[in-house]
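Chemist: Quick one: this structure, given as structure tokens, is what I'll be asking you about.
Every read-out reported here was derived from the displayed coordinates using simple, explicitly stated rules and does not represent laboratory data. Being a predicted model, the structure only gives us computed values, none of them experimental. Every residue, glycine among them, receives a Cβ derived from its backbone with ideal geometry; neighbour counts consider all protein chains shown.
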Amino acid sequence: MKRDDNMKKIPVTILAAACVLSLCACPATVKPETSIEETTAVTTEETETETTAETTAETTATDSADTSSTAETTSTAPETTPVVTPTATPAPKATVTSQVKKTFKKGGTNYKYEIPKVTIPGKNTSAVNKKIKKALSKYSYKGSEPYAMKYTYYVNSKIVSILVNVYNAVIDSDFEYYAYNISVKTGKLIKDKEVLKLYGVSGKKFLSMVKSTYKKGGYWAGKGSEAKKNIKKSLKKVSYKYLDPYVGSNGHICFLGYVYYYGGAGEGYTPFDAVKKKQVIG
């Protein structure tokens, strides 16, 4: 143990002597610690100044870039004015109302008496309405055997079709039908072939439809041998002289046809639907 302590003391003594010799050799004006501290302080200030300058420059550059970007964004986003497309106003449609409208009571039953009137915007229909009224006014709703009157109609952009049913409130077999066709374009009555043209069917096709309708028979013709007889006689009347085409309220091409009735009821005009090939009742 003593040998180890002596070995530790020898290096410490040598080191102390070396330090004394070193101090004696250095000049008295040199202060190593002070010199080092000042140098370090200067370096730190320069570094902070440079760092501050760089940071300021970068910040300024960044702000400029942001401002430029904002300017570009503003300039590339022009104001837009919404485009309003005007809505087309549909043309006013023709209308059918009553120029004469009455009600009366007969035998405990209420009846209507109405004469139609046509109105077409921009067209003078007074002549048509006057003619309709003159033709139908011969049937009176007064007296012991008054006539009732009702009508149905069809209207589109080309044609106005009206079917009028006149019937005796006392005598069942006393009735008449009238068909009126008016051009929307002119406001005037039109002929049979013009009706077919506006509907879109040829004259030949229409006559074929009439024949097929008659051959099918129905309430008007009766039954059995009587029906065959009435159908045969009615087919001889298939010509425009005995036909009045019109457009029904359901939009089908229809016609008033001159036919022979069953049971000795005679002959006369009655309405038919040429598409359904049947008599129009009511």
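Chemist: How much net charge surrounds Gly143 when only other residues with a Cβ under 14 Å from its Cβ are counted (Lys, Arg +1; Asp, Glu -1)?
Modeler: +3
Chemist: Would you mind computing, in nm to one decimal, how far apart the modelled labels at Thr109 and Ile171 are, each placed 7 Å from Cα along Cα→Cβ?
Modeler: Modelled inter-label distance: 1.6 nm.
Chemist: Further question on the same structure: Round to the nearest 0.05 the FRET efficiency obtained for Val100 and Ser225 when R0 = 35 Å and r is the Cβ-Cβ distance.
Modeler: According to the calculation, E is roughly 0.20.
Chemist: Can you give me the long-range amide H partners of Lys117? Hydrogens built in the peptide plane at 1.01 Å from N, cutoff under 5 Å, separation of 5 or more residues or another chain.
Modeler: Thr97, Ser98, Gln99
Chemist: Under the rule a/c < 1.5 gives rounded, and otherwise a/b versus b/c splits prolate from oblate, where does segment 123-282 land using the Cα gyration tensor?
Modeler: Judged from the Cα gyration tensor, segment 123-282 comes out oblate (a/c at least 1.5, b/c at or above a/b).
Chemist: Post the alpha-carbon centroid distance, segment 103-120 to segment 163-195, in whole angstrom.
Modeler: Measuring centre to centre over Cα atoms gives 16 Å.
Chemist: Counting only the backbone N, which residues of segment 216-255 are under 13 Å from the spot 7 Å out from the Cα of Lys277 toward its beta-carbon?
Modeler: Zone members listed by number: 216-218.
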